[in-house]
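Each remark here refers to the structure printed beneath this line.
The values are calculated or read from the model by the stated rules, or taken from the named source; none is laboratory data. Since this is a predicted model, take the numbers as computed values, not measurements. We place every Cβ from the backbone using ideal geometry, glycine too, and count neighbours over all the protein chains shown. Side chains are part of the model used for accessible areas, which takes the heavy atoms of the whole protein and leaves out ligands, DNA and RNA. Shrake-Rupley method; radii C 1.70, N 1.55, O 1.52, S 1.80 Å.
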Amino acid sequence: MIFVLSGPGGVGKGTVVQRLLEVDPHLRLSRSWTTRPRRPGEDEDAYTFVDGPTFEAHLARGGFLEFDEFLGNLYGTPVPDTLDDLDHDLLLEINVQGAEQVRRHQPNALVVLLVAPSREVQEARLRARGDDDEHVAQRLAIAETEEVKGRALADAVIVNDDLGRAVAEVTGIIAQRRTGR
Ligand code: 5GP
């Protein structure tokens, strides 16, 4: 199965994903490819960091399940080796445009949208990453439209005001989907 945790930047998707992986050994995180340069201090495993031609060549080979351009950089989910791994479900942490593509190709994928409790909290989270003012403003503007699209697409919308509760809600939804309810 494919579980998609989507949402605009700054809503705390990465933190929720880390917790999900800690509590659920049957989830396997898909590592995205990106042409964005690695941020100072960012984990080198956060993405498969590649240059534009490498990304484009992989795309031309049909190597991505979905991809999107975000603020001038490409991001994509590599096609998984197998979707028949009965022990593991694939977890994707991607933006709303990517979630729309996954849904189109894999109608059974579960899409959960994570949203911030307020614009202020979201802005503070974006700033904490060290992005400059212009980038923060651009990301906030994109976030507004992504949230509207995401709400229309998602199976569930979760407000990330309390990390423990948000993670518990996502695990509950995943458990329901696994048991087919
Ligand atoms: P960032 O540059 O902050 O790491 O990521 C920018 C946006 O791209 C975030 O919303 C992030 O979730 C999204 N993103 C990361 N990986 C992928 C991917 O493989 N596909 C898509 N569509 N979006 C991604």
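The residues of region 59-85 that are in contact (Cβ under 8 Å) with a residue 24 or more places away in the chain, more than 9 Å from the ligand (Cβ to nearest atom) and closer than 18 Å to Arg103 by Cα, listed by number, are Pro80, Leu83.
Out of region 112-126, which residues are assigned to a strand (DSSP E or B) and within 12 Å of the ligand (Cβ to nearest atom)? Walk me through it before giving the result.
From region 112-126, those assigned to a strand (DSSP E or B) are 112-115; that's our starting set.
Matches in region 112-126: Leu113, Leu114.
Checked against (1) under 19 Å from Arg178 (Cα atoms); (2) among the acidic types (Asp, Glu); (3) in contact with a His (Cβ under 8 Å, 6 or more places away or on another chain), Asp84 passes all but condition (3).
Do we find that Pro53 is away from the ligand (no atom under 11 Å from the Cβ) and touching a strand residue (DSSP E or B) at 6+ places or on another chain (Cβ under 7 Å) in this structure? Show your work before the answer.
Numbers: away from the ligand (no atom under 11 Å from the Cβ): yes; touching a strand residue (DSSP E or B) at 6+ places or on another chain (Cβ under 7 Å): no.
Against the criterion (away from the ligand (no atom under 11 Å from the Cβ) and touching a strand residue (DSSP E or B) at 6+ places or on another chain (Cβ under 7 Å)), Pro53 does not qualify.
The residues of region 5-27 that are of a type outside the set (Val, Ile, Thr), in contact with an Asp or Glu (Cβ under 8 Å, 6 or more places away or on another chain) and more than 9 Å from the ligand (Cβ to nearest atom), listed by number, are His26, Leu27.
Mind checking which residues of region 130-180 are among the aliphatic types (A, V, I, L, M) and part of a loop (DSSP other than H, G, I, E, B)? Before the answer, list the steps.
First pass over region 130-180, keeping only residues among the aliphatic types (A, V, I, L, M): 136-137, 140-143, 148, 152-154, 156-159, 163, 166-168, 170, 173-175.
Passing the criteria: only Ala154.
Would a scan of region 7-26 turn up a residue that is assigned to a strand (DSSP E or B) and within 24 Å of His58 (Cβ to Cβ)? Within region 7-26 (the criterion being assigned to a strand (DSSP E or B) and within 24 Å of His58 (Cβ to Cβ)), the answer is no, since none of the residues qualifies. The set of residues in region 86-104 that are in a helix (DSSP H, G or I), in contact (Cβ under 8 Å) with a residue 40 or more places away in the chain and open to solvent by 30 Å² or more (accessible area, probe 1.4 Å) comprises Gln97, Glu100, Arg103.
Residues in region 92-108 that are within 15 Å of the chain's Cα centre (by Cα) and either closer than 25 Å to Pro37 by Cβ or at pLDDT below 95 (or both): 9 in all.
Quick one: is Ala46 hydrophobic (A, V, I, L, M, F, W, C) and within 10 Å of the ligand (Cβ to nearest atom)? Considered against the rule, which asks whether it is hydrophobic (A, V, I, L, M, F, W, C) and within 10 Å of the ligand (Cβ to nearest atom), Ala46 comes out as yes.
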